[in-house]
C-alpha cells in the first residue's frame, strides 16, 4: 500500500497546471513579476549601501571609543603619578622640617 499523503489528485494537478500556464501567458503578470524583481534589486542595493554606511560609522565610533579609552588610561596614570609626587613632596617637606628641628636642637 502506498502512502496516501503522496497520492495526488490528478484533477487538481491539471487545474493547477492550467492556472500556471494562464499566468505565464498573461503579459501583465509577467510584467508585474519583472517589475517586482527590479524593485527588489533596487531595494537590495539600497539596503547594501545603508549597511555599508552603518558599518563604516560603527568602525569610526569604535576607533573613537578606543582613543578615548587610551586617553582615559593615560589621564589615570598621570593622576596616579601626580598623587605619588604630592605624597613624596609631603614626605620631603616633613624630612626637611625634622632636619630643621634637629639643627635647632644642636645649636
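The values are calculated or read from the model by the stated rules, or taken from the named source; none is laboratory data. Just so we're clear, the structure is a prediction, and the values are computed from it rather than from any experiment. Cβ atoms come from the backbone with ideal geometry, glycine included; neighbour counts cover every protein chain shown.
Odds and ends about this structure:
- Residue identified as loosely packed, with under 10 Cβ neighbours inside 10 Å and part of a helix (DSSP H, G or I) among 28, 44, 22: 28
- Residue satisfying condition, being surrounded by fewer than 10 Cβ atoms within 10 Å (Cβ to Cβ) and either modelled with pLDDT of 95 or more or in a helix (DSSP H, G or I) (or both), within set 12, 35, 55: 12
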